[in-house]
Every structure is written in structure tokens, then in C-alpha cells.
Amino acid sequence: MILGLSAGFHDAGATLIDKSGNIRFAGHAERYSGVKNDANLNQQLIDDALSYGKPTSIAWYENTWLKRTRQLYSGEWRKAIDLSTSPKKLTMPYFKQTGLLPKTQKLSITSYPHHKCHAAAGFQTSPFNEAIAIVVDAIGEWDTISVWKCSYNPVYLGRPIAQYKKIWHQVYPHSIGLYYSAITKYIGLKPMEDEYITMGMAAYGKSYLKAYEENLKLVHDQKEIEFVDNFHVGLEDDYFVGSGLDKFDVAAGAQKVVEQLLRNIFERFATRQTNVVFMGGVALNCVANAMLESYCKDLWIMPNPGDCGSSLGAAALQWGKKLNWKDPYLGHDIPGEYPVDAIIGGLMSNKIVGVASGRAEFGPRALGTRSLLADPRGEDIKDKVNSIKKRQKFRPFAPMILEENFTDEFVVYKKTKEPYMQSVYKCKRPDLYPAIVHKDGTSRVQTVGKNDHPGVRALLEKWHFLTGCPMLLNTSLNIKGEPMVNNRADADRFEKRYGVKVCS
């Protein structure tokens with residue numbers, strides 16, 4: 001077995017792959033520590049992973065020495081000389097001394113390039129045998145954007161081995177991810193955490209054309225994706241002062257710039273006959289994803305495209321072959337049957353109910369096993385759920401819908417399913433489902449097919465039969481400022497804090 005690990009920057013994670021290429025476990029450190037986007041591994045996460053088997057080797061998600069050269073270049077001296085994270089420490093003695101792994105076990109540790117881990121996490125879980133992998137994030141060791149030609153070589157011992165050839169890249173400090181984080185900070189949000197709020201705010205921009213032009217001035221070369229400054233340190237505090245633009249306008253302009261730059265990359269390296277794997281933190285921008293689908297034959301985004309997902313990518317590179325991807329329900333297990341009847345009862349009586357049941361989702365989206373659910377039809381539901389979660393009132397919620405009703409309720413370009421909530425679609429009847437429609441008339445949709453999670457599928461089928469409504473509002477089950485609920489104790493705290501029943 002192979003234990004893939006990612007840690008040290010943000011959103012640490014662990015993945016365990018068995019000798020047959022099955023993903024036995026994949027989870028986030030934050031769900032165990034309670035620290036949102038926790039960069040550090042913890043014993044509870046490792047113990048949960050190792051409960052599914054003992055690893056024979058460890059795969060690490062970046063080249064630590066190369067990363068240090070970039071840290072020295074960027075002036076991050078303390079990080080660069082911090083011996084507690086020295087590459088020499090990334091050995092079995094280090095892991096044994098910290099107590100994270102059994103001291104009696106002999107394991108080798110292999111490091112892999114950061115962006116290659118992103119590409120592998122996508123390609124080796126994808127349905128493709130050949131693809132272009134486009135990786136866009138804040139920063140790896142040096143790469144901020146990379147494009148890979150991916151394929152399987154069937155020669156080696158008769159087993160298809162994943163092959164990666166980097167065909168283009170952009171390096172620090174020119175970074176789409178750092179630019180978007182700088183905008184996030186400029187409008188008063190937390191960078192490297194609240195970018196999804198920036199994306200949501202963009203729909204409320206009014207002077208978006210002017211905002212687009214002002215944001216575009218920050219780009220030096222659109223084709224090569226070069227910026228006029230290093231946004232690792234943020235944006236000048238007075239950059240938009242005097243422009244007449246408010247924070248919603250600024251967000252709208254930045255969103256359009258990101259979409260344009262991504263479009264340029266896709267047009268340069270993909271065609272409508274090309275399968276594309278899109279990975280890195282920027283691949284969580286579901287508004288951009290909806291636009292990018294038209295620039296390739298098919299688009300695959302592994303449900304956890306950010307750094308935590310690179311724990312899977314590192315393990316995938318060490319495994320070397322196509323993984324047996326089934327679904328993203330790979331984390332901590334709350335045993336028992338999915339509580340369909342209890343959820344239906346809660347929805348009928350209170351219209352809002354939580355669920356924490358089975359394996360937790362690997363990735364930032366709640367997909368039905370750590371979710372807060374509600375009837376999407378009420379005029380007051382959106383405000384009620386936002387009030388429970390202590391969120392800004394403008395923020396929208398996502399629907400999960402029976403797959404066969406997807407095209408009935410949403411304008412769909414070419415996909416017939418969207419199981420991981422990765423793109424937005426225009427709602428055909430926003431007046432009927434006001435709780436799941438954003439300001440621009442779109443929704444970030446999760447479809448549930450007959451071969452998807454059986455419990456979630458059964459819930460939607462029964463809800464549809466009883467109410468005639470094929471969907472439910474679905475948002476993450478979490479206490480404000482904390483990660484998603486992981487175990488039953490977390491669910492009990494949620495119930496006590498907000499007075500909302502959580503079914504298990």
C-alpha cells in the first residue's frame with residue numbers, strides 16, 4: 001500500500017492506495033483538528049488512514065529543496081531556513097519521531113513535483129487514456145501554471161504506466177491564483193480561503209466592464225500569463241480608489257480577467273477533440289469551469305483539485321497506473337444506513353435538516369454525507385439557512401437534483417450529469433426554486449444518478465415522490481469558521497449550536 005501525504009502550505013491531506021489501485025482512504029487534516037485549511041498533519045488523520053491498511057511506502061507531494069529556492073528568491077527567509085521542515089526531516093526518522101507512523105515499520109519516502117502531483121491526481125482518476133492536463137494554482141515549488149501531455153504506455157510488463165510530459169509552464173511570481181487571492185484580500189476577505197466568496201460576489205457587480213478594464217491593467221501579457229507585479233504580497237491598498245468601483249465591481253472584474261486568462265490557455269493547448277484534465281486550486285472556480293467546457297471535448301476535474309488532493313496525486317505517481325476511481329466518499333466513516341426517512345421527516349416538519357452519515361467527502365464540496373439540506377422552493381429558505389450558517393445574505397446555495405431531471409430544470413450545454421458540483425448552469429424556473437438561484441440566474445448543480453451514492457439517491461427519489469420536487473438545497477454542514485463536520489461528536493456540537501437536527 002502507498003500512503004500519499006501533502007502538508008506544510010495549506011489544507012494538508014492523506015491518501016491510502018492499495019496494491020490493486022483502489023483508493024482505500026482520502027481525507028483532510030482540517031476535519032480532525034477543527035482548524036480550517038489546516039496545513040499540518042495530525043495523528044487522528046493518520047490513524048484513520050492506517051485503519052484501512054499498513055503502507056509499504058510514502059509519497060510526498062512536492063520537491064522540498066526546490067521549494068526552498070523559491071522561498072529564498074521571494075524573501076520568505078524564515079520558511080526557507082526552518083529546519084523543522086528541512087528535506088532531511090522528510091524521512092522515516094522524522095515521521096517516527098513525531099509519532100505519526102509506527103516506529104517499528106520500515107518505509108521509504110519519495111518526493112514528487114507539486115504540479116505533477118496535481119496532474120496525476122486528475123489524469124489517473126479520469127476516464128481518459130490520453131489527455132492534456134492543465135494545472136493552475138497559486139504556486140507550487142516555482143510553477144504557477146503547467147500544461148502536461150498525459151497518456152498510458154502499455155509496454156512496461158504489460159501494465160499501462162502513466163506518462164507525463166510538461167509542454168508549457170509559467171513560473172512565480174506570475175500567478176492567476178495569487179492574483180485572485182490578492183483581489184480577495186483587497187475586498188476585505190481572507191486570501192487562500194475566501195476566494196469562493198469573491199466568485200459569489202462577482203455576480204453582484206454593476207460596473208463590471210469598467211472593473212474588467214481596470215483589472216486587466218494588472219496583466220502584462222495575456223498569452224504568456226504575465227502580470228505587472230508580484231501579487232504574492234497583495235495589491236496596493238489604493239489601487240481602485242477613485243475608480244468609482246465598489247468591492248462587488250472589483251470582484252466581477254477580477255472574475256472576468258481570470259476567465260479570459262483561462263480561456264487563453266485552453267484555446268492555446270486544447271481543441272474540441274481534446275480531453276482536458278483541469279487541476280489546481282483555480283479549478284474550484286465553478287463559474288469559469290462552465291465556460292471552459294466549450295473549449296474541449298470533455299473536461300475532468302477530480303473533486304479535490306487543490307493541495308489536499310495532491311496527497312492522492314503523489315500516491316498515484318508512485319502507483320503509476322490508472323486508479324479505480326468510484327466516488328469521492330473516501331473520508332471518515334460514520335457507520336449505519338443512510339437515514340432517508342429521518343431526513344424526510346425533518347424536511348417535512350422543519351424544512352431544514354442536517355445529515356452526517358457514511359464516508360465523508362474528499363474535497364471542499366458537501367455532496368450529501370456531510371450536508372445541510374432544505375426545501376429549495378420557499379421564499380424565506382435562503383435567508384433562514386444563511387442565518388443558521390452565519391453567512392452573508394447575498395451568498396447562494398447549491399441544489400442536488402435527480403440526474404434525469406437535470407436538463408428539465410437547467411440549461412445544459414452538453415453534459416448530462418454533474419455529480420461533483422463543479423460548474424454553474426442557468427436555472428429555467430428561478431421563481432420556483434429561489435433558494436438555489438444566484439443573482440445571475442445560475443446554480444452550482446450536483447446531479448445524483450442511479451449509480452451514484454445509493455443513500456443520497458434514495459433520499460431524492462422519495463422526496464420527489466412525496467413533493468413533486470426533484471431537488472434539495474445542499475450546503476456544507478459546518479459551524480461558522482470551522483471545517484465540515486467529520487464525526488458524530490461534531491454533528492452533536494452543530495445541533496447544540498444551531499438547534500438543527502443532524503441525522504446519522
Subject >> Pair list, Cβ < 6 Å and 6+ apart or interchain, from the range 429-440 residues that are without any contact (Cβ under 8 Å) to a residue 12 or more places away in the chain and at negative phi to residues that are surrounded by 14 or more Cβ atoms within 10 Å (Cβ to Cβ) and outside any helix (DSSP H, G or I) >> reply: P430/V437; P430/G441
**OP:** Check A121 against each of (1) among the small types (G, A, S); (2) at pLDDT below 95; (3) more than 20 Å from A288 (Cα to Cα); (4) buried (at least 21 other Cβ atoms within 10 Å of the Cβ) and name the one condition it does not meet.
**Re:** (2)
**OP:** Report, by residue number, each residue of the range 220-248 that is surrounded by fewer than 18 Cβ atoms within 10 Å (Cβ to Cβ) and of a type in the set (A, V, I, L, M).
**Re:** V228, V233, V241
Original post:
Here are some conditions: (1) within 12 Å of L472 (Cβ to Cβ); (2) touching a strand residue (DSSP E or B) at 6+ places or on another chain (Cβ under 8 Å). I388 meets all but one. Which one does it not meet?
Top reply: (1)
Original post:
Which residues, counting only those in the range 459-482, are closer than 30 Å to Q44 by Cα and not in a loop (DSSP other than H, G, I, E, B)?
Top reply: N474, T475, S476, N478
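Every residue, every condition in (1) modelled with pLDDT under 95; (2) surrounded by fewer than 22 Cβ atoms within 10 Å (Cβ to Cβ); (3) among the hydroxyl-bearing types (S, T, Y), yes or no:
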site	(1), (2), (3)
M1	yes, yes, no
G8	yes, yes, no
L16	no, no, no
A26	no, no, no
L41	yes, no, no
T64	yes, yes, yes
G75	yes, yes, no
P87	yes, yes, no
T98	yes, yes, yes
**OP:** For the range 483-504, enumerate the residues that are part of a loop (DSSP other than H, G, I, E, B), in contact (Cβ under 8 Å) with a residue 12 or more places away in the chain and over 26 Å from G13 (Cα atoms).
**Re:** V500, K501
Original post:
Got a sec? Which strands (runs of 3 or more DSSP E) wholly within the range 299-395 have at least 3 residues that are closer than 23 Å to L16 by Cβ?
Top reply: 329-334, 358-361
Original post:
Just to be sure, is A435 farther than 23 Å from L292 by Cα and in contact with a strand residue (DSSP E or B) (Cβ under 6 Å, 6 or more places away or on another chain)?
Top reply: yes
Original post:
In the range 169-219, how many residues are under 28 Å from R68 (Cβ atoms), modelled with pLDDT under 95 and of a type in the set (S, T, N, Q)?
Top reply: 0
Original post:
Is it fair to say K36 is of a type in the set (D, E, K, R) and within 19 Å of A315 (Cβ to Cβ)?
Top reply: no
Original post:
Are any of the residues in the range 430-438 touching a Lys or Arg at 6+ places or on another chain (Cβ under 7 Å), part of a helix (DSSP H, G or I) and surrounded by 15 or more Cβ atoms within 10 Å (Cβ to Cβ)?
Top reply: yes
**OP:** Provide a single number: the residues in the range 151-202 that are part of a helix (DSSP H, G or I), farther than 22 Å from H220 by Cα and among the charged types (D, E, K, R).
**Re:** 1
Original post:
Which condition breaks for K326 when tested against (1) charged (D, E, K, R); (2) touching a Lys or Arg at 6+ places or on another chain (Cβ under 9 Å); (3) surrounded by fewer than 22 Cβ atoms within 10 Å (Cβ to Cβ)?
Top reply: (2)
**OP:** Just need a number here: residues in the range 267-285 that are more than 20 Å from I187 (Cα to Cα) and surrounded by fewer than 24 Cβ atoms within 10 Å (Cβ to Cβ).
**Re:** 9
**OP:** Check the range 400-414 and report whether any residue there is more than 22 Å from T125 (Cα to Cα), touching a strand residue (DSSP E or B) at 6+ places or on another chain (Cβ under 7 Å) and among the charged types (D, E, K, R).
**Re:** yes
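The values are calculated or read from the model by the stated rules, or taken from the named source; none is laboratory data. On a predicted model such as this, the values are computed, not experimentally measured, just so you know. Cβ coordinates were reconstructed from backbone atoms using ideal geometry, including for glycine residues, and neighbour counts include every protein chain displayed.
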